[in-house]
Amino acid sequence: MSNKKDQSSSADNNQERMRKQRRIVVVSSLLVLVLIASIFVMIFKDQMANGTKPEKKQATHRTEQKVAINYQGQPFTGSSNAPVRIVEFADYRCPYCKLFEESVVPRLQKDYIQTNKASFYYMNYTILGPGSVLAANASEEVYHQNPKAFWSFHTALFNAQGDEKKEWVTKALLTRIAQKTVPSLDIKAFENALDTESHKNQINSDNQMAEDLGVQGTPTVFVNGKMIKNGLDYDVLRDAINQALKKQNH
Ligand code: CA
């Protein structure tokens, strides 16, 4: 009996040992699998990081790069020799641009433009849809036909601004305003310019410049190439212009 018992206990021991060995094999296989998986995750993470690096670099490069404003071929008012150049990037459909036109521009005119201290440039940043582009195209066409009439068209267009949520910019409205404000308007050429978007390149290059300069919204104002935060606040803008004038005098 005892022998039989010993035999069976030795068989039990053998079975136990084999079970243990099997467990060790299973655990080590699992460990190897986990190790392989972690290596894959590490490689994948590295690739992801590498994949995003160029974009990040580009962004840093863009902010580090100093972009100059190209004033060539842009409508302006005031003396071309004025020591300070003010630029507004705007959209004819933007309510804050209308506010800037009505509350800030007249004060700029009186304090700086009419006194030959500053010139004022209008550049497009068409961010509010097809109506914005159509309006910008009309104003570029007016400037193309009659540069002197640009500002009266521009002001009348802001005066006619409708509800931002509705598409109020139409070919008929633009033509009516142009007929009223531009002496000897070539209506056929004007309508053709709207139909064919003939100033698309000029508008695209305005928009591109705004983006390169880091313009985030409209209106955005620059004073001698420097972006003014909250340029809609006349006190802020006045301080920036006075500082730029001081710099010119030294
Ligand atoms: Ca332009």
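How many angstrom separate the Cα center of segment 89-160 from the Cα center of segment 185-248? Taking the Cα centre of each part, segment 89-160 and segment 185-248 sit 9 Å apart. What the phi angles of segment 166-181 give under the Karplus curve with 6.51, -1.76 and 1.60, with θ = phi - 60°, is a coupling list of 10, 8, 8, 6, 10, 4, 5, 5, 4, 5, 4, 5, 5, 4, 6, 9 Hz, glycine and proline written as x.
Determine which residues of segment 184-214 fall in the zone a paramagnetic label at M227 would reach in this model, i.e. backbone nitrogen under 18 Å from the point 7 Å along Cα→Cβ. Label zone hits: 205-214.
Each of L108, L194 was scored by other Cβ atoms within 10 Å of its Cβ. Listed from fewest to most, they are L194, L108.
Once both labels are positioned 7 Å from their Cα atoms along Cα-to-Cβ, the gap between N70 and Q216 label points is 2.6 nm.
Note that segment 89-102 has calculated 3J(HN,Hα) couplings of 9, 8, 9, 5, 8, 8, x, 5, 6, 5, 4, 4, 4, 7 Hz, one per residue in order, obtained from phi through the Karplus relation 6.51 cos²θ - 1.76 cosθ + 1.60 (θ = phi - 60°); glycine and proline are x. Backbone geometry of segment 197-202 corresponds, through the Karplus equation with coefficients 6.51, -1.76 and 1.60 at θ = phi - 60°, to 3J(HN,Hα) couplings of 6, 5, 9, 3, 5, 5 Hz, x marking Gly and Pro. The distance between label points at N159 and K246 comes to 3.8 nm (points 7 Å beyond Cα on the Cα→Cβ vector). Amide H to amide H, with H built 1.01 Å from N, T220 comes under 5 Å of F89, counting only residues 5 or more places away or on other chains.
Spin-label model, V236 to K180: label points 7 Å out along the Cα-to-beta-carbon direction sit 3.2 nm apart. Extension gain, D111 to K188: 0.36 nm times the residue separation minus the Cα-Cα distance gives 23.8 nm.
Coordinate-derived values only; no laboratory data. From a predicted model like this one, the values you see are computed outputs, not experimental measurements. Note: ideal-geometry Cβ built from the backbone for every residue, glycine included; neighbour counts use all protein chains shown.
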